[in-house]
Amino acid sequence: MGVGSPGEFIHGGKQVKTIIKNGKVIDGTGNPGFIADVLVDEGRIVDIGTFGAGSGEQVYDATGKIVCPGFIDTHTHSDLAAIVDPAQSAKIRQGITTELLGQDGVALAPLPEAYIPAWRKNIAGLDGDTDKIDWKYRDTAGYLELLASHRPATNLAYLVPHGNVRMEAMGLDGRKATEEEVARMCAILERELKAGAYGLSTGLIYMPCAFGDTYEMVELCKVTARHEGIFVVHQRSEADDIITSTQELIDIARQSGVWLHISHMKVCGKKNWGLIDKMLGMLEDAQKSGIRVSFDQYPYVAGSTMLGVILPPWVHAGGTDKLLERLADPELRKKMIKDIETGIPGWDNFIDFAGLDQIFVTSVKTDKNLDAVGKNLVQLGEMRGKDPYNATFDLLYEEENAVGMVDFYGTEEHIIKFLCRPEQNVCTDGLMGKGKPHPRVFGAFPRVLGKYVREEKRLSWEEAIRKMTGKPASVMGLPDRGLLKAGYAADIVVIDPEAVVDKGTFVDPNQYPEGIDAVMVNGAFALVNGIESHARSGVVLRKPY
């Protein structure tokens, strides 16, 4: 507990000269922790040592607690949520102080005005939708200004999404780009990076990114590498074609010189689990040859994305409006079912590797289908009196493809293997929609600390915290965050090592964790002993060029 009541430390969310006293400082480097005080003033860490309280300083007593840098979430879907609900309680309450937006190649900017209606439908399953903004910010510069105007609770950085760039260059056509169109994409990417983005993202299972070939990605990554950005990728396959997919990423990185960061590392489907060691060996060999490789991971055996990914790629060509037209055609539905049951080479077939009974609806757009939330696709069919396929197609049609899902794909053994890899850092990949989201939205970081550090001792406190702070800061290229160090931004978390735990489950995910005692963002307390200040002292981070 801090000295006095939580209210004494909130001060309306203002920056106040503060000593966080007597805590075990784990600084984010991986070095052993030590007992010390942390002195903060004007949003920065002034020094770490032993300090007496002077005039005008508030003292937070962290005796028996861990004091560490704020957590950095390298895969997040708060792009719209940070505008609609800038308090970001689900992030603040698990100690996250910095988020990397623009993931999976399909995000908010750039967005030419002519494509606003179609694009809103395309991203609704990942990032949500709202009428509270006019969507006319046009590009990354405009979007970052919009974010800043809403005073976010966390620090927000951005990746340029491949799909948005492709859309501006050539529309939503489901085809290979011409050399001229690739050149146009490269020019758009250059413009967007110069607005302060930290790199390029793609989601090679999402449309229109999936239509991009290796040549297209290499050329875009050359631009990214020239600006010292990172390439963050949901790879083309996390299942049957994981080896071919991984080789494509290595080839892209080798030919372009870009830093390769693989999103939410996993291998899906029991029949593919034997490929994990081979895939990791490929990444090790790539690093030995000089390629920079890292990946993030959430600590759960289930993933979460848009339910529309169960549909074959050809269904998505042309955007969501075309997808809905195809869903309305009974004959095309038969073809969809056939393709799902027999497979298409190179396509990650979620129903094949997870099963109809292991894919659960987590969110919908309208109240009409709220009864589907929490049901798997077999149960959905039983509830609607139809086979699971057509019941799911009906749901996607009625909700205009804005449906979230959870799918179970792996084992605890695999979670631990990836967690302990040197390339790994922690993320949430949290879809922030209503309904029953994946519990990672509320508890990914505390789960690592409570389950895998304190209970199972898979990692030390120092190494786990490095994977949440210093490691991701290094990957992103953040010069003054991720460490407790004099001169660095005062993004700080105070943890109760005996109590930290995630509480959310797949049945009841909407629960905040315990044991995150205090959170400071840029020198202002956002959380103290369970009470939020709603300081909203985060800033929009722009990479200097």
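The values are calculated or read from the model by the stated rules, or taken from the named source; none is laboratory data. These figures come from a predicted structure and were not determined experimentally. Ideal geometry is used to build each Cβ from the backbone, glycine not excepted, and the neighbour counts take in all protein chains shown. The protein model used for the area step is the full one, side chains on, heavy atoms only, and it has no ligands, DNA or RNA in it. Shrake-Rupley method; radii C 1.70, N 1.55, O 1.52, S 1.80 Å.
Phi-derived couplings, Karplus 6.51 cos²θ - 1.76 cosθ + 1.60 at θ = phi - 60°, listed residue by residue for region 284-298: 4, 4, 4, 5, 4, 8, x, 7, 7, 9, 8, 8, 10, 7, 9 Hz, with x used for Gly and Pro.
Protection proxy ranking of 211-222, 280-291, by the mean of other Cβ atoms within 10 Å over each peptide's residues and highest first, is 211-222, 280-291. Near M282, once Lys and Arg are set to +1 and Asp and Glu to -1 for all other residues with Cβ below 14 Å from its Cβ, the sum equals -3.
Near V361, once Lys and Arg are set to +1 and Asp and Glu to -1 for all other residues with Cβ below 10 Å from its Cβ, the sum equals 0.
The spacing between region 297-321 and region 523-541, judged by their C-alpha centroids, is 34 Å.
Based on the reciprocal of the average 1/r between different C-alpha atoms, the Kirkwood radius for the chain equals 23.5 Å.
Sequence-distant contacts, meaning Cα pairs under 8 Å at least 6 residues apart, place the relative contact order of the chain at 23 percent.
Filter the cross-link list K222/K335; K451/K471; K21/K485; K322/K365; K368/K436; K278/K485 down to pairs whose alpha-carbon distance in this structure exceeds 27 Å. Result: K222/K335; K278/K485 exceed 27 Å.
Calculated mean residue ellipticity at 222 nm for the chain: -9000 deg cm²/dmol, from DSSP H runs with n ≥ 4 weighted as -39500 (n - 2.57), summed, divided by the residue count and rounded to 500. In this structure the amide hydrogen of A518, modeled in the peptide plane, comes within under 5 Å of the amide hydrogens of V494, N529, none closer than 5 places in sequence on its chain. The modelled label-to-label distance for the pair R138/A499, using points 7 Å beyond Cα in the direction of Cβ, is 5.1 nm. Placing R333, R138 in order of accessible area, with the largest value first and a 1.4 Å probe, yields R138, R333. Taking all protein chains together, R536, R447 sort by accessible area into R536, R447, largest first [probe 1.4 Å].
For K194, the aspartates and glutamates whose Cα comes closer than 13 Å to its Cα, not counting residues fewer than 8 places off in the same chain, are D139, E228.
With a cut-off of 11 Å between beta carbons, the residues surrounding N31 carry a summed charge of -2, where Lys and Arg count +1 and Asp and Glu -1.
Entry note, region 471-545: relative contact order of 20 percent, from Cα contacts under 8 Å with a spacing of 6+ residues.
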